[in-house]
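Only one structure is covered here, and it is reproduced in the block below.
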Amino acid sequence: MAVIRDRVGVRHVVALLIAAGVLVAIVTYASSNSKAAPVAGAAEASKCGLGNGKKATGTPIKLGAIATKLPGTDFTDIPNMAAAYFACVNANGGIKGHPVQLNIETEAINPVQAGAAAKKLIGSEHVLGMVGNTSILECTINHKYYEQKGFYVIASGIAPECYGTSNIASVNMGPRYSSDGAAQYAISQKINKLVFDQSNVPGTAYNVGGVQLIAKAAKVPVTALTDNVPIQDANSVAIKLVQAAGANGGVVLNFTPPEALKILQAAQQQGLEKRVKVWACSTPCNTDFLAKALGPQWNGRLGVNAELNLPSAPGPDEALYRQVLKQYGKKVSGGLGSFSQMGYVEAAIATKALLGIKGPYTVKSVNQAFLNVKNFKTDILCRPWYFQKAPLHIPNNTDRTVVPQNGKMVQKQGCFNISPVDPAIAKVRAIEKKNHL
């Protein structure tokens, strides 16, 4: 088992041998500083980790991440942004002198690749924790392995097992619950029919399941469609959606930003954007890149479910997020947007947990610290985030609706609850109430 010892702890032992009074002074100083340190996630956060401007040079703390990467479905911006945050932490004291090293593996929606990636990171590279996992299949393939190895994974979930198991907790609510929120918004606009279209990748039945329940409760019929990505003929897709929805209908999209943009631009080019009552989209569309590309014709016309705050929003964590992205995020191709925000939040949660560990950094201590996270506050999320012991995890179940406005996303609807008509949401709310989360 990999063990990294806390050099600060060693100094405290030496101090004890010198004088008990000196030890008290040192402990008092360390305690006061741990409360005042501008750690991301605290209300006053404005710096990475310790924020002391000193480069970490100790033994690295190795963490791992797995992401899907192939044309039309690329989630590597999320772990790449987590790595950018850790780079900022490493430039500001690291984890009590230890730099964080994030090893990233990719898979192409391939079960063998996804399983091999986890075993490589944990079994061969001896990472102490997993942070930033974002994969179509990874949770499905690896959740039992994580349970066997005692790993509690801080993720950006997609597959059902990212939310329905004990050892994975995500900062987002994933395509199912974000599509729920988008459908709630569309239905609130008094439509008489809903069309849901998504990438034809594993998990389509799971993703649409909540939308169908919400629409059924509202007595709104649903047409469920899928399209292969990368999309080759966006014009045909746009026509198909508009015809299926009708003039008083709504269209909900669940695609990565580049693929959603193809459909929306094709609708615009054919003069179809006003042929339905409302367009909506799950969280990936919450990016100024998409709002700018669409232009003013789409002002207020696209309701995007936002699992995280606007990337341009005020607030200490949002400001630090933008600063870290600019300074350290060269590998984050999508720029400001929900994907990079997810990576930032995941790394910030992990950093705060790691800084709270007393003694050696081991698989056991790191994962216990991740599991113990409770009431992690950030202006990027509607509510405090938690891990904690539970049979299922959907800690992010309250979000916003944003719309494009002159090349920027702006908030249209403040934080609202995802409907408990979706049974997993009802279960999580009961767990939260019971455990005061």
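The values are calculated or read from the model by the stated rules, or taken from the named source; none is laboratory data. Quick caveat: nothing in here was measured; it's all calculated off a predicted structure. A quick note on method: Cβ atoms are made from the backbone with ideal geometry, for glycine too, and the neighbour counts reach across all protein chains shown.
What is the number of the single condition among (1) within 19 Å of the chain's Cα centre (by Cα); (2) closer than 18 Å to VAL131 by Cβ that SER365 does not meet?
With respect to (1) within 19 Å of the chain's Cα centre (by Cα); (2) closer than 18 Å to VAL131 by Cβ, SER365 is out only on (1).
Against the definition (farther than 23 Å from GLY72 by Cβ, surrounded by 24 or more Cβ atoms within 10 Å (Cβ to Cβ) and at pLDDT 95 or above), how does THR351 come out, yes or no?
Considered against the rule, which asks whether it is farther than 23 Å from GLY72 by Cβ, surrounded by 24 or more Cβ atoms within 10 Å (Cβ to Cβ) and at pLDDT 95 or above, THR351 comes out as yes.
Looking for whichever is in contact (Cβ under 8 Å) with a residue 60 or more places away in the chain, assigned to a helix (DSSP H, G or I) and of a type outside the set (Phe, Trp, Tyr) here; the options are SER178, SER166. Which one fits?
Only one candidate passes the filter, namely SER178.
State the number of residues belonging to segment 296-316 that are surrounded by fewer than 22 Cβ atoms within 10 Å (Cβ to Cβ) and within 19 Å of LYS47 (Cα to Cα).
Selection size over segment 296-316: 5.
If you take the residues of segment 77-107 that are of a type in the set (S, T, N, Q) and within 18 Å of GLY129 (Cα to Cα), which of them is nearest to the chain's Cα centre (by Cα)?
Ranking the qualifying residues of segment 77-107, first place goes to ASN80.
Condition (residue is among the polar types (S, T, N, Q), touching a residue at least 40 places away in the same chain (Cβ under 8 Å), surrounded by 24 or more Cβ atoms within 10 Å (Cβ to Cβ) and in contact with an Asp or Glu (Cβ under 8 Å, 6 or more places away or on another chain)) applied to segment 317-335: is it met by at least one residue?
Looking through segment 317-335, none of the residues is among the polar types (S, T, N, Q), touching a residue at least 40 places away in the same chain (Cβ under 8 Å), surrounded by 24 or more Cβ atoms within 10 Å (Cβ to Cβ) and in contact with an Asp or Glu (Cβ under 8 Å, 6 or more places away or on another chain).
One line per residue, one yes/no per condition, for (1) outside the structural domain of LEU253 (by TED's automatic domain parsing); (2) in contact with a strand residue (DSSP E or B) (Cβ under 9 Å, 6 or more places away or on another chain); (3) at pLDDT below 95; (4) hydroxyl-bearing (Ser, Thr, Tyr):
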| position | (1), (2), (3), (4) |
| --- | --- |
| VAL127 | yes, yes, no, no |
| ASN133 | yes, yes, no, no |
| THR140 | yes, no, no, yes |
| TYR146 | yes, yes, no, yes |
| ALA183 | no, yes, no, no |
| LYS193 | no, yes, no, no |
| PRO202 | no, no, yes, no |
| LYS219 | no, no, no, no |
| LEU225 | no, yes, no, no |
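Residues in segment 215-227: is at least one surrounded by fewer than 24 Cβ atoms within 10 Å (Cβ to Cβ) and more than 21 Å from LEU194 (Cβ to Cβ)?
Among the residues of segment 215-227, not one is surrounded by fewer than 24 Cβ atoms within 10 Å (Cβ to Cβ) and more than 21 Å from LEU194 (Cβ to Cβ), which makes the answer no.
Scan segment 408-421 and give yes if some residue there is surrounded by 22 or more Cβ atoms within 10 Å (Cβ to Cβ) and β-branched (Val, Ile, Thr), otherwise no.
Yes.
Name the residues in segment 207-255 that are of a type in the set (S, T, N, Q), closer than 22 Å to PHE75 by Cβ and touching a residue at least 12 places away in the same chain (Cβ under 8 Å), would you?
ASN207, THR226, ASN228, ASN254
Taking segment 273-295, which residues are more than 24 Å from ARG176 (Cα to Cα) and crowded, with 19+ Cβ neighbours inside 10 Å?
GLU273, LEU294
Taking GLY210 as the residue in question, decide whether it is closer than 20 Å to THR398 by Cβ, of a type outside the set (A, V, I, L, M, F, W, C) and under 20 Å from the mean Cα position of the chain (by Cα).
So GLY210 fits the description; yes.
Looking only at segment 267-301, filter to residues that are assigned to a helix (DSSP H, G or I) and out of contact with any Leu (no Cβ under 8 Å at 6 or more places or on another chain); which one of those is nearest to THR398 (Cα to Cα)?
PRO284
Taking LEU302 as the residue in question, decide whether it is under 19 Å from THR401 (Cβ atoms), among the aliphatic types (A, V, I, L, M) and assigned by TED's automatic domain parsing to the domain that holds ALA186.
yes
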